[in-house]
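Visitor: One structure coming up, written as structure tokens, with questions to follow.
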Amino acid sequence: MSTTSPASAAAGGADDPPDGRPDALPGRRFEPDLRSMTRINLRPIASPMPLGFFTVAIASVMTGCLQLGVFDTDARTAVALCVLPAFALQLLVSVLAFGARDVIAATLMGTFAGSWLAYALVMASGAEYGLRVLGVFNLTFLCFGALMAAVTRPKRALWFVLIVSLPRWAATGLSGLTGAEWLTRTSGVLGLVVALVAMYAAFALMLEDMRSEEVLPIGRSGPAHTAVEGDLAVQLRNLERQAGVRRTL
């Protein structure tokens with residue numbers, strides 16, 4: 001299909017129909033401007049973030065208790081099986097977050113889902129050198145978390161969960177590589193701290209959704225604050241340039 005640019009149309013280009021009729025040129029079809037007929041449909045969904053944060057909290061408690069010695073080492077498989085559902089739940093949160101056009105939350109929750117799956121498979125299988133491999137995995141995850149924390153500060157709930165998770169990933173990674181018992185215990189304590197922060201964020205977001213106002217402080221700022229407090233026109237600004245609407249990613 002051939003089209004003419006606005007500039008050539010205004011200048012009366014050679015491709016313009018001689019008498020203004022679409023059928024004046026044989027074999028050529030001229031489409032009208034489709035922008036006035038274009039509609040972009042948005043589907044409101046419930047926020048999946050409380051589910052994501054509660055999942056982080058529960059899984060962190062289970063792994064933290066194992067590291068603190070609350071469970072014997074023989075309980076590794078049982079803990080791994082308890083953590084395994086976190087993979088499915090956070091994957092669901094990630095998919096819904098992509099649908100809600102929140103790439104930061106979707107990326108973070110999707111990566112969390114992968115980490116729980118890797119942990120559960122390694123621990124449940126009792127794979128040789130599993131702890132050392134998980135040590136490298138956690139240190140790599142630490143780098144990912146640092147990059148994510150650099151861009152999530154306006155979304156304070158995510159940011160706080162990341163900030164308290166960074167030292168835990170560092171301690172877990174180093175304990176897996178060195179086998180130092182004190183690092184394992186430290187990671188367990190930090191896991192419980194992560195659980196507390198994630199549970200607070202989930203509860204605050206649920207209250208906010210139920211009452212349609214902020215009840216417990218979350219600390220949104222910048223675009224995150226505008227997205228909640230702004231009107232519909234703010235939400236739809238530059239919609240035509242967002243993924244899923246534009247032609248390419």
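Visitor: I need the phi-derived Karplus couplings for the stretch 101-117: 6.51 cos²θ - 1.76 cosθ + 1.60, θ = phi - 60°, integer Hz, Gly and Pro marked x.
Guide: Couplings: 6, 10, 5, 5, 4, 5, 5, 5, 5, x, 6, 4, 4, x, 5, 5, 5 Hz.
Visitor: Something else: Are there chymotrypsin sites (Phe, Trp or Tyr not before Pro) in the stretch 82-156 that DSSP marks as loop and that have at most 11 other Cβ atoms within 10 Å, and which are they?
Guide: Tyr129
Visitor: Another question, if that's okay. Using a 1.4 Å probe over the heavy atoms of the protein chains, calculate the carbon and sulfur portion of the accessible area of the stretch 91-138 as a whole percent.
Guide: C and S atoms contribute 72 percent here.
Visitor: Which whole-number percent of Cα pairs in the stretch 47-129 have a distance greater than 23 Å?
Guide: The share of Cα pairs beyond 23 Å in the stretch 47-129 comes to 25 percent.
Visitor: Quick one: accessible area per residue over the stretch 76-223, 1.4 Å probe, rounded to a whole number of Å²?
Guide: Heavy-atom accessible area per residue stands at 50 Å².
Visitor: Report the full-extension gain for the segment Thr111 to Cys65: residue separation times 0.36 nm, less the Cα-Cα distance, to one decimal in nm.
Guide: My answer for the length gained is 14.3 nm.
Visitor: How much length would be gained if the chain were fully extended between Ile45 and Val103, taking 0.36 nm per residue of separation minus their Cα-Cα distance, in nm to one decimal?
Guide: Gain in length upon complete extension: 19.3 nm.
Visitor: A follow-up question, please. Grab the Cα-Cα distance for Val193 and Thr77, subtract it from 0.36 nm times how many residues apart they are, and report the gain in nm with one decimal.
Guide: Roughly 39.4 nm would be gained on extension.
Visitor: So what J values fall out for the stretch 158-166 if you push phi through Karplus, 6.51 cos²θ - 1.76 cosθ + 1.60 with θ = phi - 60°, rounded to Hz, Gly and Pro as x?
Guide: Those phi angles translate into 5, 4, 5, 4, 5, 4, 7, 7, 4 Hz.
Visitor: So what's the convex hull volume per residue for the Cα atoms of the stretch 71-228, in Å³?
Guide: Hull volume over Cα atoms, normalised by residue count, gives 113 Å³.
Visitor: Give me the distance in nm between label points sitting 7 Å out from Cα along the Cα-to-Cβ direction at Ser212 and Arg153, one decimal.
Guide: So the label points at Ser212 and Arg153 sit 3.4 nm apart.
The values are calculated or read from the model by the stated rules, or taken from the named source; none is laboratory data. Just so it is clear, the structure is predicted and the values come from calculations on it, not from any experiment. Quick reminder, even Gly has a Cβ in these numbers, built from the backbone with ideal geometry, and neighbours come from all protein chains shown. For the accessible areas, the whole protein counts, side chains as well, though only heavy atoms, and no ligand, DNA or RNA atoms are used. Shrake-Rupley method; radii C 1.70, N 1.55, O 1.52, S 1.80 Å.
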